[in-house]
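Note sheet for the following structure.
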Amino acid sequence: MWRRYPPVLSPVTTRALVDGMGAAIGLRGDSHAAVEAILRYRYGATDALLTDSGTSALILALRKMLPRGGTVAYPAYACIDLTAAAVATGVRVRLYDLDPATMSPDLDSLRATIKRGADAIVVAHLYGYPADMAGVRKLAAEQGIPVIEDAAQGAGGTLNGERLGSLGDVAILSFGRGKGTTGGKGGAVLVRTPALTDWTRRTRTELKPGSRGGVTVLSLAAQRVLSHPSLYRLPSSIPSLRLGEMVYLAPHPPLAMSGASAGVLRWTLGLEEREVADRRARAREVLSHMHDAPNVTPVRPIAGSEPGFLRLACLDSDGTLRSRPDLGALRGYPMTLDEHTQLRALLLPGERAGKGSQFLRDRLFTVPTHSHVDQTFFAGLAEWLEAQRPELHGIVALS
């Protein structure tokens, strides 16, 4: 069909775009303080350090929380931005496995990884699904090492009533265009102790400013128009944009968030609560369509959690499921971290992805839950799932 649905979409208002462009050309005041105050309140943080990207936020967190030449425990299946942050900091990397049923850390694997030697743990919430932070923090406390919570894809999810991004010793956020709540670009480091607050205040004065952000605002305005299903086929047909692909971006020294991104974010943060509620409602409808699909198993949220459903995640049970790019139904990350060529020099000997992470690489699919999901989408989804039934592949059940 001509209609094509973007995999993810972050809402942005006209007021946000106007204020962002006003900040870029010097006609609006600085919104950094307002954004920092919102984040401190929302995440129960003592400070929020605004950066030019989520990768920059993770780079700063790694530099602070690990000793020079230290070793970090990474999930073996995660965003390639974790690789970029490791490259930028030169940390050594060990890998722990994930439980493919939940995309949460396999605690036995993590325990074994810590025993091999680690100075800190990074835990990533994938696609808005909460990871088992309580289990991870218990293991970390036994060894006296910190937990860096990568909530770049937290997307408003909660665990035992607490917002993702409020559960680690340090947490990082991302406000890129595909993160649910956006400033076009940007990230943040959240801290909760006086010592770390002193560090973020010093670092804030040391970060150099990035661009004014005018191009970022123009990109957001274009996205707002071209992300509509009747138009999205146009940008998605341009190979150089690499939309929906995993792309390694070489890291650069962390910079401060642009005034334009802060101006946009001041308003889009106010959209999050409604957007999360709407994504959850659409996720429930998607799940109702998947109920009878024989080879599609939805990823199971861990006990006590409520996902933010940046995307709905499911597993291809028998390896026959095919992507539907027109529906935004796509495979997850196509590589485990040990397969990233950029990371191999930093991996300690013998570190390899476990079977759970390999299964996610080979069998994970994600489906949109954003505001452009409509009845035409659900009709296409039903058709896609119906095509997976065994009898349509010439398999006849024997009585």
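Here are some notes:
- Number of positions in segment 309-327 that are in a loop (DSSP other than H, G, I, E, B) and of a type outside the set (Phe, Trp, Tyr): 9
- Look at (1) more than 28 Å from residue 38 (Cα to Cα); (2) charged (D, E, K, R); (3) surrounded by fewer than 20 Cβ atoms within 10 Å (Cβ to Cβ) and you find that residue 63 fails only one, number (1).
- Residues within segment 205-227 that are under 13 Å from residue 52 (Cβ atoms) and not hydrophobic (A, V, I, L, M, F, W, C), tallied: 7
- Meets criteria (over 17 Å from residue 382 (Cβ atoms) and part of a strand (DSSP E or B)) for residue 330: yes
- Residue list for segment 334-374, filter: among the hydroxyl-bearing types (Ser, Thr, Tyr), closer than 29 Å to residue 232 by Cβ and surrounded by fewer than 19 Cβ atoms within 10 Å (Cβ to Cβ): 371
- Count of segment 200-218 residues which are more than 12 Å from residue 22 (Cα to Cα) and outside any helix (DSSP H, G or I): 5
- Candidates in segment 158-188 are the residues that are aliphatic (A, V, I, L, M) and more than 17 Å from residue 55 (Cβ to Cβ); of these, the one that is surrounded by the most Cβ atoms within 10 Å (Cβ to Cβ) is 164.
- The lone exception for residue 208 - which of (1) crowded, with 18+ Cβ neighbours inside 10 Å; (2) of a type outside the set (Asp, Glu); (3) over 24 Å from the mean Cα position of the chain (by Cα) it fails: (1)
- Condition met for residue 315 (crowded, with 18+ Cβ neighbours inside 10 Å, modelled with pLDDT of 95 or more, within 16 Å of residue 297 (Cβ to Cβ) and touching a Ser or Thr at 6+ places or on another chain (Cβ under 6 Å)): yes
- Residue count for segment 254-268, restricted to those that are assigned to a helix (DSSP H, G or I) and in contact with a strand residue (DSSP E or B) (Cβ under 9 Å, 6 or more places away or on another chain): 6.
- Any hit, segment 294-308, residues being closer than 18 Å to residue 9 by Cβ, part of a loop (DSSP other than H, G, I, E, B) and in contact with a Phe, Trp or Tyr (Cβ under 7 Å, 6 or more places away or on another chain): yes
- Cβ-Cβ under 8 Å pairs, at least 6 apart or on other chains, segment 241-266 side farther than 17 Å from residue 220 by Cα, far side modelled with pLDDT of 95 or more and basic (Lys, Arg): 253/208; 255/208; 256/204; 256/208
- So residue 83, is it surrounded by fewer than 18 Cβ atoms within 10 Å (Cβ to Cβ) and either under 24 Å from residue 275 (Cα atoms) or within 18 Å of the chain's Cα centre (by Cα) (or both): no
- Any chance residue 201 is surrounded by fewer than 24 Cβ atoms within 10 Å (Cβ to Cβ), touching a residue at least 60 places away in the same chain (Cβ under 8 Å), of a type outside the set (Asp, Glu) and within 28 Å of residue 279 (Cα to Cα): no
- Residues considered: 234, 271, 243. Of these, the only one that is part of a helix (DSSP H, G or I) and under 26 Å from residue 128 (Cβ atoms) is 271.
- For segment 112-142, residues that are over 21 Å from residue 280 (Cα atoms) and assigned to a loop (DSSP other than H, G, I, E, B) total 3.
The values are calculated or read from the model by the stated rules, or taken from the named source; none is laboratory data. Nothing here was measured: the structure is a model prediction, and the numbers come from that model. Here the Cβ is made from the backbone with ideal geometry for all residues, glycine too, and neighbour counts use every protein chain on show.
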